[in-house]
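Below is one structure, written out as structure tokens; comments come after it.
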Amino acid sequence: MTVALVTGGAGGIGAAVCARLAALGHTVVVADLDLEAAERVAKEVGGTAVRTDVSDPADNHAMVAHAVAAHGGLDVLVLGAGIQSDVPPDPGLDVARYRRALGVNLDGVVFGVDAATPALRDSGGQVVVNASLAALGPELANPVYALTKAAAVAYVRAMSTPLARAGVRINAICPGFTDTPFLGITARLMRKQKFPLLSPDEVALAVETVVTGDGTGEAWALVAGRPAAPYRFPDVPTTMLPDGTEVVLKPFLSAKQ
Ligand SMILES: NC(=O)c1ccc[n+]([C@@H]2O[C@H](COP(=O)([O-])OP(=O)(O)OC[C@H]3O[C@@H](n4cnc5c(N)ncnc54)[C@H](O)[C@@H]3O)[C@@H](O)[C@H]2O)c1
């Protein structure tokens, strides 16, 4: 029996991901700040719940320990907990909100990967990070949110090689606007414009596609009306000597090598 843990599993997208992974045969751990809601989802999918604040390293270790103690291991980690930054682009930065956004959306990814890697290494498992389309293009209304999601995607891409050495895959999904409480009043404004939103189930289906695939280091873009597909990042310019010769650095993983 394979075990999946979903952070933010009590939320709109997270609950749909829990249901889909359970339907695939995984035993699901629902990790969320909102324990009551997490317990409701866990009951629906026949899994267990654990109260987790993903911005806290100790909570990340505790949720993984729960999965291992209650279900014998961890095969799939979906890092989906996230918040709007509520930091407008205008001067007068609200430092507390800024740090909170980074704490949940970015630390929650880094701490989650760190805490789960030993268990995932044992199972040859994988991580899926729920980033956002905001990671791939300028999100004018919410630059701090875009910052957290772009950093998460950069982390996924950079970690894919060291994690591959441990037999662990890691990918990101980058959904566009999805119909959940997360959007707040924006959802109503979008409906007024007849702008189609993704459903949480469509995002969960993209997670299934990634989980059942074999790629790593990918960021799957997902918008309403189009099939999910790995985003093709443009090539990075190569370094050039004054005589016009291109110089390519041999890959290395750490200064020790
Ligand atoms: N809804 C969208 O339009 C959209 C689009 C792209 C990406 N996303 C991303 O998808 C993810 C899920 O979003 P959603 O739309 O389901 O939102 P949601 O608000 O419905 O659910 C978010 C869940 O995360 C939980 N959570 C918040 N802070 C937490 C913390 N510190 N620790 C643990 N859990 C915490 C909440 O309790 C909630 O259950 C987020 O990372 C979001 O950034 C959402």
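The values are calculated or read from the model by the stated rules, or taken from the named source; none is laboratory data. Predicted model only: the values in this text are computed from it and were never measured. Reconstructed Cβ throughout: ideal geometry from the backbone, glycine too, with neighbour counts over all protein chains shown.
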Find the helices (runs of 4 or more DSSP H) located wholly in region 140-257 whose residues include 2 or more that are surrounded by 20 or more Cβ atoms within 10 Å (Cβ to Cβ), and list them. 143-165, 200-211
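Look at region 116-143 and say how many of its residues are farther than 23 Å from PRO234 by Cβ and within 12 Å of the ligand (Cβ to nearest atom). Explain how you work it out, then say what you get.
The first filter runs over region 116-143 and keeps only residues farther than 23 Å from PRO234 by Cβ, leaving 116-128, 130, 141-142.
Filter once more, keeping what is within 12 Å of the ligand (Cβ to nearest atom): 128, 130, 142.
So the count comes out to 3.
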Does LEU77 fit the bill of being of a type in the set (A, V, I, L, M), under 16 Å from the mean Cα position of the chain (by Cα) and away from the ligand (no atom under 13 Å from the Cβ)? yes
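If you go through region 179-200 one residue at a time, do you hit one that is among the small types (Gly, Ala, Ser) and away from the ligand (no atom under 13 Å from the Cβ)?
First, the residues of region 179-200 that are among the small types (Gly, Ala, Ser): 184, 187, 199.
Those still in the list that are away from the ligand (no atom under 13 Å from the Cβ) too: none.
No, there is no match, as no residue in region 179-200 is among the small types (Gly, Ala, Ser) and away from the ligand (no atom under 13 Å from the Cβ).
Please verify whether region 131-142 includes one or more residues that are modelled with pLDDT under 95 and within 20 Å of ASP107 (Cα to Cα). Quick ask: steps written out before the conclusion?
Kept after step one, since they are modelled with pLDDT under 95, are these residues of region 131-142: 137-142.
Checking which are within 20 Å of ASP107 (Cα to Cα) leaves us with 142.
Yes, there is a match, as at least one residue in region 131-142 is modelled with pLDDT under 95 and within 20 Å of ASP107 (Cα to Cα).
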In region 42-73, the residues that are in contact with a Leu (Cβ under 6 Å, 6 or more places away or on another chain) and over 15 Å from ALA116 (Cβ atoms): ARG51, ASP53
In this structure, is THR212 among the polar types (S, T, N, Q) and either under 17 Å from THR161 (Cα atoms) or without any contact (Cβ under 8 Å) to a residue 12 or more places away in the chain (or both)? no
Quick one: which residue in ALA37, ALA19 is near the ligand (Cβ under 9 Å from one of its atoms) and touching a strand residue (DSSP E or B) at 6+ places or on another chain (Cβ under 9 Å)? ALA37
Inside region 148-181, can you point out the residues that are touching a residue at least 12 places away in the same chain (Cβ under 8 Å) and farther than 23 Å from ALA4 by Cα? THR148, ALA150, ALA151, GLY176, PHE177, ASP179, PRO181
Listed residues THR148, THR178; which is touching a strand residue (DSSP E or B) at 6+ places or on another chain (Cβ under 7 Å) and within 18 Å of LEU133 (Cα to Cα)? THR178
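Would you be able to tell me the number of residues in region 125-139 that are part of a loop (DSSP other than H, G, I, E, B) and within 24 Å of ALA16 (Cα to Cα)?
Initial filter on region 125-139 (part of a loop (DSSP other than H, G, I, E, B)): 125, 131-132, 136-139.
When the remaining residues are screened for being within 24 Å of ALA16 (Cα to Cα), the result is 125, 131-132, 136.
Number satisfying all stated conditions: 4.
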Just one of the numbered conditions (1) among the small types (Gly, Ala, Ser); (2) more than 8 Å from the ligand (Cβ to nearest atom); (3) under 23 Å from VAL203 (Cα atoms) is not true of ALA67; which one? (3)
